[in-house]
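Down below is the structure, laid out as structure tokens.
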Amino acid sequence: MPSLRTTWMSALIVMFTIACGATATIVPEASAVPTTTPAPPISATPAPVGLATLAPVQLAPTIETSTSPPATFVPQLQTPVQFESLESREVRLTAGEIQGLVDPGIRSALADLAQRADKELDRVRVIAAQNVTWPDASLGCPEPGFSYAQALTEGIQLLLLYETEKFDYRITGVYSRLCENAQPGQALESRPLLGIWSRLADMPTPRSEVAAATVGGKIYVMGGFGAGATAHEEYDPVTDTWRKRAPIPRGVDHPAAVGLNGHVFLIGGLDGRWGPVDNVLAYDPAEDRWTAKAPLPTARGALGAAVRGGHILAFGGIGVTGDVGTTEHYDPETDTWSERSSMPTARDHIAVAAVEGNIYVLGGRLGSYARNLGTNEKYDPEADIWAARAPLPTTRSGIGAAAVQGKLYLFGGESTDGTIEENEVYDPATDRWEPAPPMPTARHGIGVVSLGNRIYVLAGRLSPGGSSSALNEVFIVLERSMP
């Protein structure tokens, strides 16, 4: 057991380190470089605080190295958690999501909590989360008798619920600390943290230019360049596992896909030689079987599709003679297609998502990523009319989008400057965009789907042009009134 003098000297070293802008690494940072090796696990190590006496005790400050022993907990009198002026943004993290957390500071907080619980964490609730600017290095939680550098410090304030206890963590960089001495009114500026990223189980087949859809709580990823042309794999978010399903009857890349009436519909695409196809196939997960449906009237790839009112709408893409603005409507009851009003802006490599009865066609390009567009056009299926909306903050193509609680989240893409990591959120109610935490791994040619308040960003290329990946990264939206 370290002496009181040693403990206070260690505390002073940590405070000096923070004030100078350096950080002490508590847990290994999840790598943003895609590999097939999962992120280091968050697990418990022996500690004197057992689960039966789990309480938000203060962690004695230490600076750890790769050879130093685990930090020692020094119990102190418990004080009520104070978490000022934060709106609830509750969400429950699964064990797999906790293990794959990407942000090193949030990983540090969860690792500390696991150590206090003396077990691997299986379920933790995020009650509230804010991006905060504090006036000094105390992070709004000063220790009595300490002085802090008067320098603006940005970080995250995170309230966690585990079992029946709340834990108020303050995070900056890779450093986190449990706060028991919160000082109301310390934050100079705060805004909601829109979400957090986690890396989950990789896909069995690395690929890009895929299509993805959801049915019955499962995710299906289909097609893609190279070995992925006929690949078809199913992901179960509950178990964080993949399994291979019936191959696509005809190999395809750059298709579109939607889930409807318990089936996955795979629409159009390119034939591996940049030739557009008109194939429409329906997959029945219960039978693990594909069935051919009425073909697209306009053969095309790098298109987008969405579901509205039990029908499918297909937009844009690369046709036989180049980019098209074609909009076509499919009725599954009659297995027939009909033409609708064309998009005002013909383009390919677009993202499409539906929100509250309307469908938004985002970004894209005119034949090459050197000619990317920031176009955002809204389609009203009932009136069959189009309207221009606020353009994308980041002009891009080869993108993916999904809707969660009335907002659109737009991910990735490519440009002449390389692959794009931006994650931008569009609110149709205000016609405004705002930035969200960027993708851990910049890429394009991705599949993007949402289940509840999770958005899964799958596969994709790591550089413009060639390459592929097996990545499965989830953006967990921290929205109000999560169930």
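Data overview
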item	result
Subset of the stretch 196-241 [among the aromatic types (Phe, Trp, Tyr) and closer than 24 Å to residue 397 by Cα]	197, 220, 225
Pairs, first outside the structural domain of residue 253 (by TED's automatic domain parsing) in the stretch 210-229, second small (Gly, Ala, Ser), C-beta under 6 Å, six or more apart	none
Members of the stretch 152-166 that are within 25 Å of residue 135 (Cβ to Cβ), surrounded by fewer than 23 Cβ atoms within 10 Å (Cβ to Cβ) and either hydrophobic (A, V, I, L, M, F, W, C) or outside the structural domain of residue 187 (by TED's automatic domain parsing) (or both)	152, 156, 159
Answer residue from the stretch 404-421, given it is touching a residue at least 40 places away in the same chain (Cβ under 8 Å) and assigned to a loop (DSSP other than H, G, I, E, B) and is surrounded by the most Cβ atoms within 10 Å (Cβ to Cβ) among those	413
Residue check for residue 233: buried (at least 20 other Cβ atoms within 10 Å of the Cβ) and either under 25 Å from residue 468 (Cα atoms) or acidic (Asp, Glu) (or both)	yes
Residue list for the stretch 273-299, filter: surrounded by fewer than 17 Cβ atoms within 10 Å (Cβ to Cβ) and under 21 Å from residue 466 (Cα atoms)	273, 274, 275
Test set (1) in the same structural domain as residue 307 (by TED's automatic domain parsing); (2) surrounded by 22 or more Cβ atoms within 10 Å (Cβ to Cβ) - residue 202 fails condition number	(2)
Conditions (1) among the small types (Gly, Ala, Ser); (2) part of a loop (DSSP other than H, G, I, E, B); (3) within 28 Å of residue 407 (Cα to Cα); number of the one not met by residue 212	(2)
Condition met for residue 473 (at pLDDT 95 or above, in contact with a Pro (Cβ under 9 Å, 6 or more places away or on another chain), assigned to a strand (DSSP E or B) and crowded, with 19+ Cβ neighbours inside 10 Å)	yes
2 or more residues of a type in the set (A, V, I, L, M, F, W, C): qualifying strands (runs of 3 or more DSSP E) within the stretch 234-319	256-260, 263-267, 280-284, 289-292, 304-308, 311-319
Residue 324 being part of a strand (DSSP E or B), within 30 Å of the chain's Cα centre (by Cα) and either among the β-branched types (Val, Ile, Thr) or surrounded by fewer than 23 Cβ atoms within 10 Å (Cβ to Cβ) (or both)	no
From 434, 424, residue being in a strand (DSSP E or B) and either at pLDDT below 95 or within 12 Å of the chain's Cα centre (by Cα) (or both)	424
Any hit, the stretch 252-261, residues being more than 24 Å from the chain's Cα centre (by Cα) and of a type in the set (Gly, Ala, Ser)	no
Qualifying residue in the stretch 460-468 (condition: touching a helix residue (DSSP H, G or I) at 6+ places or on another chain (Cβ under 7 Å) and under 25 Å from residue 235 (Cα atoms))	yes
Meets criteria (over 16 Å from residue 315 (Cα atoms) and of a type in the set (Asp, Glu)) for residue 278	no
Check on residue 342, in the same structural domain as residue 423 (by TED's automatic domain parsing) and part of a loop (DSSP other than H, G, I, E, B)	yes
Residue in the stretch 377-394 that is in contact with a Gly (Cβ under 7 Å, 6 or more places away or on another chain), under 25 Å from residue 275 (Cα atoms), of a type outside the set (Asp, Glu) and modelled with pLDDT of 95 or more present	no
Restricting the stretch 351-381 to residues that are acidic (Asp, Glu) and free of Cβ contacts under 8 Å to residues at least 60 places away in the same chain, the residue that is farthest from residue 293 (Cα to Cα)	377
Odd one out for residue 203 among (1) farther than 30 Å from residue 128 by Cβ; (2) more than 20 Å from the chain's Cα centre (by Cα); (3) outside any strand (DSSP E or B)	(2)
Residue 348 vs. criteria surrounded by fewer than 22 Cβ atoms within 10 Å (Cβ to Cβ), of a type outside the set (Ser, Thr, Tyr) and without any contact (Cβ under 8 Å) to a residue 60 or more places away in the chain	no
In the stretch 141-182, residue nearest to residue 106 (Cα to Cα) [restricted to those that are among the polar types (S, T, N, Q) and touching a strand residue (DSSP E or B) at 6+ places or on another chain (Cβ under 7 Å)]	176
Count - residues of the stretch 89-120 that are among the charged types (D, E, K, R) and part of a loop (DSSP other than H, G, I, E, B)	6
Any chance residue 226 is surrounded by 20 or more Cβ atoms within 10 Å (Cβ to Cβ) and in contact with a strand residue (DSSP E or B) (Cβ under 7 Å, 6 or more places away or on another chain)	no
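The values are calculated or read from the model by the stated rules, or taken from the named source; none is laboratory data. Note that the structure is a prediction, hence the values are computed from the model and not measured. So basically every Cβ, Gly included, is an ideal-geometry build from the backbone, and we count neighbours across all protein chains shown.
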